[in-house]
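Enquirer: Below is one structure. I have some questions about it.
The values are calculated or read from the model by the stated rules, or taken from the named source; none is laboratory data. In this text, all values refer to a predicted model and were calculated from it rather than measured experimentally. With ideal geometry, Cβ positions are generated from the backbone for all residues, glycine too; neighbour counts draw on all protein chains shown. Areas reflect the complete protein model, heavy atoms only, side chains present, ligands, DNA and RNA absent. Shrake-Rupley method; radii C 1.70, N 1.55, O 1.52, S 1.80 Å.
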Amino acid sequence: MVLGGVLPDTTAVNVLVVVAASGLIWLGSGWLEEAAEGLSTHYGLPPVVQGTVVVAVGSSFPEFASVVVTALAGVFDMGVGAIVGSAIFNVLVVPALSGLATEDDLDSSRTIVYKEAQFYMLAVSVLVITFALAVIYEPVVAGTGGTVGTGGTDGGSLTGSITRPLAVVPLFVYVLYLFIQWQDTGDYEADTGETNVALFREWGKLAAGLLLILVSVEAMVSAIESLGHTFGIPEFLAGMTIIAAATSLPDTLVSVRSARDDNSATSLGNVLGSNTFDLLVVIPVGVLIVGAVPVNFSTAVPMFAVLTLATVLLFATLRTDLALSTLEAYALLVTYGLFVAWVVAEAAGVTGILPA
């Protein structure tokens with residue numbers, strides 16, 4: 001139902017909701033970026049920390065809401081799929097569009113490459129290990145939803161239950177990430193200049209931007225889901241591509257805006273920081289709310305393998321001359337196109353890499 005049943009669930013209305021929500025998200029991302037810049041200037045935050053923490057956490061609110069909703073609804077696998085699909089979109093599409101939005105190459109830095117990108121790769125590894133520990137220590141009997149005893153699994157099941165103790169592991173890693181950012185902030189010497197910032201106004205603008213983005217993305221996702229049912233788009237295909245791209249729209253707009261303003265540190269930092277937050281905080285918080293959720297490791301591993309390859313590709317392109325060239329930006333877009341083609345093939349039953 002569109003907007004909780006306030007509007008009729010028709011194709012035309014859903015298309016209008018998507019268009020209107022896109023405009024509101026653009027407006028909200030502008031408020032978010034302006035408030036983050038003002039607050040970062042006042043508190044003396046480095047541009048990288050501004051992008052990886054302040055802006056990234058704010059623009060990740062839609063993913064956070066989607067995981068909480070799916071966890072409460074008992075379809076946590078769908079939430080994880082949307083998060084991984086969003087992460088792949090962020091790694092491949094957002095930097096590419098940001099690079100193409102600038103006249104020159106999108107500048108990178110050693111901080112982005114050797115700290116942010118490498119820590120993000122660590123975040124992917126930690127979540128994979130957490131899923132593996134769930135399969136080893138909390139295996140789930142296929143078709144029952146319960147865990148088996150210490151004697152073993154049900155003879156081949158790769159489904160495990162992520163419990164609250166396991167969910168704490170990624171959260172501790174994110175605390176380490178925040179500690180590193182805090183240390184970098186202490187070492188950063190901000191430029192002396194105009195720091196007369198209206199704090200109440202900037203915090204209000206930040207909150208308004210977050211609220212507008214959250215409400216707009218939720219309306220957009222609802223409309224896209226209705227369109228998917230109307231045109232017979234499989235949930236797996238819609239979740240990994242359309243819904244993932246919709247929830248990543250705030251990250252895209254913020255990064256493109258920052259790139260156009262010649263603030264490449266915030267643009268790239270937003271991408272990596274948002275994905276780090278999604279993997280290490282959003283998914284574990286969903287588990288903490290519910291208590292325990294089953295995750296199919298057979299489905300998760302191929303998805304994380306694609307995410308790892310995409311991250312390695314981004315890492316390599318950012319390291320070459322410490323800049324993302326136009327040619328490299330197009331290479332990232334082509335790679336995402338290949339990923340979408342694979343997801344379509346999986347949905348159509350052509351490849352069959354993922355379990356049915």
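Enquirer: If packing is taken as the average number of other Cβ atoms within 10 Å across a peptide's residues, how do 113-123, 223-233, 268-278 rank, most packed first? Before the final figure, lay out each step's value.
Expert: Values: 113-123: 19.7, 223-233: 16.0, 268-278: 29.5.
Descending packing order for the listed peptides: 268-278, 113-123, 223-233.
Enquirer: Helix 199-230 against the longest principal axis of the chain: what's the angle in degrees, Cα atoms only, rounded to the nearest 10?
Expert: That works out to roughly 40 degrees.
Enquirer: Still on this structure, I have one more. Taking the chain as a Gaussian network, where each spring joins two C-alpha atoms under 10 Å apart, which residue of 63, 218, 33 fluctuates the most?
Expert: Per the Cα network of the chain with a 10 Å cutoff, 218 tops the list.
Enquirer: Express the accessible area of the chain per residue in Å², computed with a 1.4 Å probe while the remaining protein chains stay in the model.
Expert: Working: 15540 Å² over 356 residues.
Heavy-atom accessible area per residue stands at 44 Å².
Enquirer: Same structure, new question: Where is the GNM fluctuation largest for the chain (alpha-carbon springs, 10 angstrom cutoff): 93, 67, 169?
Expert: 169
Enquirer: Measure nothing fancy, just the Cα-based angle from helix 297-319's long axis to the longest principal axis of the chain, in degrees from 0 to 90, nearest 10.
Expert: Long axis of 297-319 versus the principal axis of the chain: about 20 degrees.
Enquirer: For the chain, with all protein chains present and a 1.4 Å probe, just round the carbon and sulfur fraction of the accessible area to a whole percent. Working shown, then result.
Expert: Numbers: 10330 of 15540 Å².
C and S atoms contribute 66 percent here.
Enquirer: Within 13 Å, Cβ to Cβ, of residue 33, how many net charges do the neighbouring residues add up to if Lys/Arg are +1 and Asp/Glu are -1? Mind dumping the intermediate values first?
Expert: Details: positive: 205, 257, 260; negative: 34, 37, 202, 251, 261.
Local charge sum for residue 33: -2.
Enquirer: Given a 10 angstrom Cα cut-off, can you work out which residue in 243, 289, 25 is the most mobile in a GNM of the chain?
Expert: 289
Enquirer: Rank-order 334-345, 94-105 by packing density, defined as the average count of other C-beta atoms within 10 Å over each peptide's residues, highest first.
Expert: Numbers: 334-345: 16.0, 94-105: 19.8.
Going by the mean number of other Cβ atoms within 10 Å, highest first, we get 94-105, 334-345.
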